[in-house]
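Report on the following structure.
The values are calculated or read from the model by the stated rules, or taken from the named source; none is laboratory data. All figures in this text were calculated on a predicted structure; none of them were measured in a lab. Glycine also receives a Cβ, built like all others from the backbone with ideal geometry; neighbour counts cover every protein chain displayed.
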Number of protein chains: 2
Amino acid sequence: MTKTLRRLALSLLPLPLLAAAAPPSPVEKLRDETLAGDKVAWDIVEDLTTEVGPRLAGTEAEARARQWAVKRLKALGFHNVHIEDATMATWVRGAETAEIVSPYPQKVVLTALGGSGATPPDGIEAQVVGFDSVDALRAAPPEAVKGRIVFVSHAMKPNQDGSGYGYYGAVRRSAPAIGAQKGAVAVIIRSLGTDYHRNPHTGLTTWGNVTPIPAAALSIPDAENLARMLKRTPRVTMRLTLTPRFVGDTPTGNVVAEVPGTDPSAGIILVGGHLDSWDLGTGAIDDAAGVAIVAAAAKKVMEAGRPRRTIRVIWFGDEETGGAGSRAYFAAHKGENVVFVGESDFGADRIWRFVPGFAPENKPLADRIASALFPLGINLGRGEVEAGADLGAWVRAGSAGADLGQDGTRYFDYHHTPDDTLDKVDAEQLRQNVAAWAAMLSLVANAPEPIAKLPPRPERRQ
Amino acid sequence: MTKTLRRLALSLLPLPLLAAAAPPSPVEKLRDETLAGDKVAWDIVEDLTTEVGPRLAGTEAEARARQWAVKRLKALGFHNVHIEDATMATWVRGAETAEIVSPYPQKVVLTALGGSGATPPDGIEAQVVGFDSVDALRAAPPEAVKGRIVFVSHAMKPNQDGSGYGYYGAVRRSAPAIGAQKGAVAVIIRSLGTDYHRNPHTGLTTWGNVTPIPAAALSIPDAENLARMLKRTPRVTMRLTLTPRFVGDTPTGNVVAEVPGTDPSAGIILVGGHLDSWDLGTGAIDDAAGVAIVAAAAKKVMEAGRPRRTIRVIWFGDEETGGAGSRAYFAAHKGENVVFVGESDFGADRIWRFVPGFAPENKPLADRIASALFPLGINLGRGEVEAGADLGAWVRAGSAGADLGQDGTRYFDYHHTPDDTLDKVDAEQLRQNVAAWAAMLSLVANAPEPIAKLPPRPERRQ
């Protein structure tokens, strides 16, 4: 089936570029050579997922990933490769088992959400009460919830732009705390995903001032099975054992590498992704692909000759479980003249949309980037640049930036699951990503005009 | 992606049948009404997978399934519904965890093969030696294997007719015993499957006179990751814990239901599938679908008026872990005049091929069946009828029979995995299965001519 999808996706990649009347510009040459032959990104994704594998933030596996990253980025010829340390409160998974006790006894597959509280070691047993949405849970009287295991479902579907994760994401982010406030003994959700495999989707849940209770995601087949049981009878009893725990403060960190520029007064470019991953898969699409894409693209620009502006490649720590890496980086560097940022954290399927976020006076630069991207099948989108969890603070503070949006149709089939593994990355689409990034970075880094700041904007509430 | 495949599959289903010059025959009417509206099969699959779920042979879950089956078959109006008891040596799964210890520490996902031996409770640790095929393992000198964890890979690919399971199946059936004979401490295989999910494929392995050792299947992403590690270094160490055990002799059994015929001298028809399932999934495609298809088809024939020949529907116990159910049934009934058998045990995707297995004098009956099936998109195949693991003994003994071959392109994506769940069954394709079976059963049960026996043939060696 992957093959079918891949064929569909590839049919959307550009035809071999026709011979133009004029010889290709340096940026066209860079783009097309990257599209045809980049191996740097694939090797990073393959090697990181094979040689390190899962790398949960704050654990020794993430620390091994940092050492691996320093070695690789130095080997690729980057300058000033170093780790910037940070500290975080670290959560680790424990046992996680569950079964329907009655009336239809059988095991179910689930996984703890990041930040989940724990049951006693021998578990809890309680009646399940189901809700179709987080809004239905919000509206429920506490007496319907108290002492129960709350099950919350949703209707998320795949979309090319990944939208849906925002609204439906409240089921994961907020439902556990809402359930806890109403007296639930645990909250289990339909995985925030779009697949039909017995691989539940983990991800962070947030508690605010509420004391954490056990919170877990059922695989979607298990969630639908539970929904069918609840349709037959309101009296479904479940036994649940979850023993995750916080292990206190441990080290995390960001790995930084530079392509030095010739003109310090022209400002710095930050590009990044995150080095940590959830612990269930090997973090191939989330986000080995992202760190690979930005590094491979920066290397291409470096190889084409020293650019005007310094490009700083940052592989952030702890994106997944709280953002300690990006917070530390912004706090330490916010005084620097960062003129442009871009992040890759949405897998490696083909980029289909370029959303520029420049000040009006830089429209000519945005237009030059768009022109370089059209032949890759990338069209111009409008809207607010997000630059993701790791670099969003910079665009909110006024740096220019851009989003290169990947096709997210199958992203939430694998996101945060054991299935996030190397085989989900398509080498040809990955090269299209690197080509797009290389073209954009080359144009921004070498732009002769100044890159202006924008007015700061507040963080949007989710 | 399921949707894409489904669309492809459905595009192969027949166009609405054109108005014929003549009014439809009774069999055409039965077929087309079933195709348009059967709900019996879907309800069996949904209810069995929801209300019983996994039902490993010899366990209390299989016993619950038999009680469920008796109740359902009686409710459907079948006659003489009863259980025929049998006894089996029962194997149950225990703990199963594994990790690469060095040089690339990370957990791997695997599952014990049926019949696997156990490690000590705290596991074993040993160096891994890899082989690309069972033939390569066969050729290896014992000193390359002794004291090692043997990893065996293979190149199985999906095929419409399911072929590949025969040859590549030796990796699961035989490699563990071969490894044990050469002194391996455990054998782990690339799952005998065609998917890319972290859901390993279990299934029976056989030992002959060899003492069982721990034997497990890695998910395919894990197997490919291990292969990449072994490509980087021959010194990969793994820790493996598997604690399955045999629990001694426990009950299994076959659930039998009848559509009584008018003419006892015309012989009996046996149709079946198996009620037991592996313990990882809910046994939707393997084989809730099969028992549902044959029962729903037999019910259609029953509703159309009492047939000439008795149709006996058998939901066998213990197909997966050794075949105690079918052996007991054949031993108890082999003196009866069984003139035709058919089994459904290959999921519920569309039937694309009818392979008749009649004596030459019954060619007209085979032709009538083929004519009734062509409008469903089912063509005529040639070859030896297998009638599957549960009813194959009858065709080998000389009963006529037929295979209605389902499209197996995605069958080995889910076979014997946690992913064998209701959502893998497509309601429209399931109805096509029931329609084909109903048409065939109606023609065989009501055939005015005698149905002849064939010469017995030996069991093929695998």
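Just give me the residues in region B:272-286 being part of a loop (DSSP other than H, G, I, E, B), hydrophobic (A, V, I, L, M, F, W, C) and either within 13 Å of chain A (Cβ to nearest Cβ) or under 13 Å from B:GLY347 (Cβ atoms) (or both), in sequence order. Show your work before the answer.
As a first pass, look at region B:272-286 and keep what is part of a loop (DSSP other than H, G, I, E, B): B:275-283.
So of that shortlist, the ones also hydrophobic (A, V, I, L, M, F, W, C) come out as B:275, B:278, B:280.
Listed by number, the residues that qualify are B:TRP278, B:LEU280.
Among the residues of region B:178-192, the one identified as surrounded by fewer than 21 Cβ atoms within 10 Å (Cβ to Cβ) and out of contact with any Lys or Arg (no Cβ under 9 Å at 6 or more places or on another chain) is B:GLN181. Residues in region A:156-169 that are surrounded by fewer than 18 Cβ atoms within 10 Å (Cβ to Cβ) and in contact with a strand residue (DSSP E or B) (Cβ under 9 Å, 6 or more places away or on another chain): 2 in all.
None of B:ARG312, B:ARG308, B:ARG327 is within 22 Å of B:ASN80 (Cα to Cα) and in a loop (DSSP other than H, G, I, E, B) except B:ARG308. For B:ALA389, the conditions (1) more than 20 Å from B:GLY323 (Cβ to Cβ); (2) not in a loop (DSSP other than H, G, I, E, B) all hold with the exception of (1). Cβ-Cβ distances below 7 Å connect the following pairs, each with a first residue in region A:372-385 that is in contact (Cβ under 8 Å) with a residue 12 or more places away in the chain, a second residue that is among the polar types (S, T, N, Q), and a separation of six or more residues or different chains: A:LEU376/A:GLN432.
Give the residues of region A:255-266 that are in a strand (DSSP E or B) and either β-branched (Val, Ile, Thr) or under 26 Å from A:ASP122 (Cβ atoms) (or both), sorted by residue number.
Once the filter is applied, which keeps residues that are in a strand (DSSP E or B) and either β-branched (Val, Ile, Thr) or under 26 Å from A:ASP122 (Cβ atoms) (or both), region A:255-266 yields A:VAL255, A:VAL256, A:VAL259.
The set of residues in region A:80-104 being in contact with a helix residue (DSSP H, G or I) (Cβ under 6 Å, 6 or more places away or on another chain) and among the β-branched types (Val, Ile, Thr) consists of A:VAL81, A:ILE83.
Mind checking whether some residue in region B:357-372 is away from chain A (no Cβ under 14 Å), in contact with a Lys or Arg (Cβ under 9 Å, 6 or more places away or on another chain) and at pLDDT 95 or above?
Yes; the residues of region B:357-372 include at least one that is away from chain A (no Cβ under 14 Å), in contact with a Lys or Arg (Cβ under 9 Å, 6 or more places away or on another chain) and at pLDDT 95 or above.
Against the definition (crowded, with 23+ Cβ neighbours inside 10 Å, in contact (Cβ under 8 Å) with a residue 24 or more places away in the chain and either within 25 Å of A:PRO142 (Cα to Cα) or more than 14 Å from chain B (Cβ to nearest Cβ) (or both)), how does A:THR205 come out, yes or no? I'd like the intermediate steps shown before the answer.
Numbers: crowded, with 23+ Cβ neighbours inside 10 Å: yes; in contact (Cβ under 8 Å) with a residue 24 or more places away in the chain: yes; either within 25 Å of A:PRO142 (Cα to Cα) or more than 14 Å from chain B (Cβ to nearest Cβ) (or both): yes.
Criteria met by A:THR205.
Suppose the filter is over 18 Å from B:ASN433 (Cα atoms) and either part of a helix (DSSP H, G or I) or free of Cβ contacts under 8 Å to residues at least 24 places away in the same chain (or both); does B:GLY335 pass it? Taking the combined requirement at face value, the residue satisfies it.
Does A:LYS231 meet the test of being basic (Lys, Arg), within 13 Å of chain B (Cβ to nearest Cβ) and surrounded by fewer than 22 Cβ atoms within 10 Å (Cβ to Cβ)?
Working: basic (Lys, Arg): yes; within 13 Å of chain B (Cβ to nearest Cβ): yes; surrounded by fewer than 22 Cβ atoms within 10 Å (Cβ to Cβ): yes.
For A:LYS231, the condition - basic (Lys, Arg), within 13 Å of chain B (Cβ to nearest Cβ) and surrounded by fewer than 22 Cβ atoms within 10 Å (Cβ to Cβ) - is met.
Restricting region A:24-73 to residues that are closer than 21 Å to A:GLU303 by Cβ and of a type in the set (Gly, Ala, Ser) leaves a set whose member that is surrounded by the most Cβ atoms within 10 Å (Cβ to Cβ) is A:ALA41. Taking into account only those residues within region A:53-65 that are in contact with a Pro (Cβ under 9 Å, 6 or more places away or on another chain) and not in a helix (DSSP H, G or I), which is nearest to the other protein chains (Cβ to nearest Cβ)? My answer is A:GLY53. When restricted to residues that are part of a loop (DSSP other than H, G, I, E, B) and more than 9 Å from every other protein chain (Cβ to nearest Cβ), region B:421-440 contains 2. Among the numbered criteria (1) part of a helix (DSSP H, G or I); (2) within 24 Å of the chain's Cα centre (by Cα); (3) in contact (Cβ under 8 Å) with a residue 12 or more places away in the chain, which single criterion is violated by B:ASP161? Status for B:ASP161: all satisfied but (1).
Just to check your reading of the model, which residue among A:GLU125, A:GLU143 is in a strand (DSSP E or B), farther than 30 Å from B:ASP195 by Cα and not hydrophobic (A, V, I, L, M, F, W, C)? Can you show your working first?
Numbers: A:GLU143 fails: in a strand (DSSP E or B).
Within the list A:GLU125, A:GLU143, the selection yields A:GLU125.
Could you list, in sequence order, all residues of region A:27-52 that are assigned to a loop (DSSP other than H, G, I, E, B), of a type outside the set (Val, Ile, Thr) and either touching a helix residue (DSSP H, G or I) at 6+ places or on another chain (Cβ under 7 Å) or modelled with pLDDT under 95 (or both)? Result: A:ASP38, single match.
Checking the structure you have, find out if any residue of region B:416-428 is touching a Pro at 6+ places or on another chain (Cβ under 6 Å) and at positive phi. No, region B:416-428 has no match at all.
The rows are residues; the columns are (1) over 22 Å from the mean Cα position of the chain (by Cα); (2) of a type outside the set (Gly, Ala, Ser); (3) over 29 Å from A:ARG198 (Cβ atoms); (4) not in a helix (DSSP H, G or I).
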{"residue": "A:PHE374", "(1), (2), (3), (4)": "yes, yes, yes, no"}
{"residue": "A:VAL395", "(1), (2), (3), (4)": "no, yes, yes, no"}
{"residue": "A:ALA402", "(1), (2), (3), (4)": "no, no, yes, yes"}
{"residue": "A:ASP413", "(1), (2), (3), (4)": "no, yes, no, no"}
{"residue": "A:ASP419", "(1), (2), (3), (4)": "no, yes, no, yes"}
{"residue": "A:ILE451", "(1), (2), (3), (4)": "yes, yes, yes, yes"}
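Candidates A:VAL210, A:VAL236: the one that is among the aliphatic types (A, V, I, L, M), within 14 Å of chain B (Cβ to nearest Cβ), surrounded by fewer than 24 Cβ atoms within 10 Å (Cβ to Cβ) and in contact with a helix residue (DSSP H, G or I) (Cβ under 7 Å, 6 or more places away or on another chain) is A:VAL236.
Conditions (1) farther than 15 Å from A:ILE149 by Cβ; (2) touching a strand residue (DSSP E or B) at 6+ places or on another chain (Cβ under 9 Å); (3) part of a helix (DSSP H, G or I); (4) modelled with pLDDT under 95, marked per residue:
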{"site": "A:LEU192", "(1), (2), (3), (4)": "yes, yes, no, no"}
{"site": "A:TRP207", "(1), (2), (3), (4)": "yes, yes, no, no"}
{"site": "A:ALA217", "(1), (2), (3), (4)": "no, yes, no, no"}
{"site": "A:PRO221", "(1), (2), (3), (4)": "yes, no, yes, no"}
{"site": "A:LEU230", "(1), (2), (3), (4)": "no, yes, yes, no"}
{"site": "A:LEU240", "(1), (2), (3), (4)": "no, yes, no, no"}
{"site": "A:GLY253", "(1), (2), (3), (4)": "yes, yes, no, no"}
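In the set (1) in contact (Cβ under 8 Å) with a residue 60 or more places away in the chain; (2) in contact with a helix residue (DSSP H, G or I) (Cβ under 6 Å, 6 or more places away or on another chain), the condition left unmet by B:GLY183 is number (1).
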